[in-house]
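The values are calculated or read from the model by the stated rules, or taken from the named source; none is laboratory data. Because the structure is predicted, anything quoted here is derived from the model rather than measured. Cβ sites come from the backbone with ideal geometry, for glycine too, and all protein chains shown count toward neighbours. Surface areas here come from the heavy atoms of the whole protein model, side chains and all, with no ligands, DNA or RNA. Shrake-Rupley method; radii C 1.70, N 1.55, O 1.52, S 1.80 Å.
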Amino acid sequence: MSTEVVSALRQRMIEDMNARKLGAHSQRSHIYSCKRFAAFLKRAPDTATPDDIRRFQLHLAETGMSICNRNRIMTGVKFLFRVTLRRLDLVAEIYHLREPQKIPLVMSPDETKRLLAVASSLKARILLGLGYGCGLRASEVVRLKVKHIDSAQKIIRIEQSKGRKDRNVMLSAETLDLLRQWWKARPTRWDAGVPPEERLLFPGRKPGKPMTTRQLSRLFHEAADAAGIRKEVSLHVLRHSFATHLLERGTDIRIIQALLGHDKLDTTARYTRVATGMIARIESPLDLLSRPRNKPRKNRKDPPPA
C-alpha cells in the first residue's frame, strides 16, 4: 500500500510541476530530492513530521554534502510540502543556507585560442566556438536549429532558454563560415519529414533529439587536455571567458548582461572581479607612494616655470 501511496503522490507532484511549467531538469531534480527524503524516512513523505524535516536536514549536513546540493534537495522537498501537500507547517521547518560566493574560473585569451586550435574535428570546432564566441550554455548550443541562424542580421536567436527567456547573440563571419561547412558534413539520417527550418544543427542518436551536453562536455575536455590546459576547467568556462574577455576589451557591461541573458546586473558584475586584464592595469597605491612627487612652489604668486 505504501508503494501505491508514493506512486500516487509522485504523479500528483508531477502534475503540479507541469501546471507550473517547470522544466524537465527541475522536475527530475525535485523528484530525486523527494525520493531521497522518502528513503531517509523509510515511509511515505506525506506522513512526515516537523521533527523528520529537522532530522533529514541534520543528516544531509553530517554526510558532508555541499551547501549547493543541500539547498537543491530541500528546494524539491519544499515544493512537495508547499504545493502538492499544502503542509505549510512543514515548510516552515525548511531552511536554506547562504552559498559561498566564488568568482568564476576563466581561461586567458591565449589558452582559449589554443583550445579552439586543437579541436579534433569540424564539429568540435564549431561547438566550442559557439560556446566561447557567443557565450552560449551547453544546452543552448546543442538545441540550435536552422531557424535560429539569421545570416542576414548576423545574429543567433536563443529561444526559451534558462528562465524561459529569448535573446539574441552575435554571429561572426568566422562562425557563419564554420556553420556552413558543418551543414554540408552534418548527418542527415533524421531529416526525413522535418521542415528545413526545424532541423537540428547537431542531431543526436535518437530521432528528433539533439546531441547530449555530456557528449559536448567530453569534446571540450579532450580539447583542453590536447591544449595543455592544467586548470580545473569545465565546459561552462567558455561562457565565463566570453564575458570576461568582452569586459576587458571595453564592452559595456549592460551589453554583456543582455548577451548572457542575465536578469540582474549584479550577476554580470561578478566578471569585474575576474577581469585580470583590467585589474592588472590598475595602479597600486604602493606605486603612487614610490613615484617622485613634484616639489611645491614656495610662493604661489610666482609664475610657473616656462
**Study point:** Given (1) within 20 Å of E99 (Cβ to Cβ); (2) modelled with pLDDT under 95; (3) not β-branched (V, I, T), number of the condition R36 does not satisfy
**Key:** (2)
Review point. Would a scan of segment 129-147 turn up a residue that is among the aliphatic types (A, V, I, L, M), out of contact with any Gly (no Cβ under 9 Å at 6 or more places or on another chain) and farther than 30 Å from R20 by Cβ?
Key: yes
Exercise for review: Would you mind telling me which numbered condition in (1) assigned to a helix (DSSP H, G or I); (2) surrounded by fewer than 13 Cβ atoms within 10 Å (Cβ to Cβ) P207 fails?
Suggested key: (1)
Check your understanding: Could you give every pair whose Cβ atoms fall below 7 Å, whose first residue belongs to segment 164-178 and is over 15 Å from V146 (Cα atoms), and whose second residue is surrounded by fewer than 16 Cβ atoms within 10 Å (Cβ to Cβ), counting only separations of at least 6 or pairs across chains?
Key -> D166/E159; D166/Q160; R167/A258; M170/K154
Point to revise | helices (runs of 4 or more DSSP H) wholly inside segment 64-130 containing at least 1 residues that are buried (at least 17 other Cβ atoms within 10 Å of the Cβ) and small (G, A, S) | key: 67-79
Exercise for review: Determine whether segment 272-284 contains at least one residue that is loosely packed, with under 13 Cβ neighbours inside 10 Å, at pLDDT below 80 and charged (D, E, K, R).
Suggested key: yes
Exercise for review: State the number of residues belonging to segment 131-155 that are open to solvent by less than 10 Å² (accessible area, probe 1.4 Å) and not in a loop (DSSP other than H, G, I, E, B).
Suggested key: 4
Check your understanding: Which number in (1) assigned to a helix (DSSP H, G or I); (2) touching a Cys at 6+ places or on another chain (Cβ under 9 Å); (3) touching a residue at least 60 places away in the same chain (Cβ under 8 Å) marks the one condition that I158 misses?
Key -> (1)
Check your understanding: In segment 179-191, how many are over 27 Å from the mean Cα position of the chain (by Cα) and either touching a residue at least 60 places away in the same chain (Cβ under 8 Å) or under 29 Å from H25 (Cα atoms) (or both)?
Key -> 6
Check your understanding: Which one is surrounded by the most Cβ atoms within 10 Å (Cβ to Cβ) among residues in segment 182-204 that are closer than 22 Å to I156 by Cβ and small (G, A, S)?
Key -> G204
Review point. What number of residues in segment 166-180 are open to solvent by 40 Å² or more (accessible area, probe 1.4 Å), under 19 Å from E198 (Cα atoms) and either touching a Gly at 6+ places or on another chain (Cβ under 7 Å) or assigned to a strand (DSSP E or B) (or both)?
Key: 2
Study note, to complete from the structure: If we ask which residues in segment 16-43 are in a helix (DSSP H, G or I) and open to solvent by less than 100 Å² (accessible area, probe 1.4 Å), their number turns out to be 18
Check your understanding: Which members of segment 90-109 meet the condition of being charged (D, E, K, R) and under 17 Å from H236 (Cβ atoms)?
Key -> E99, K102
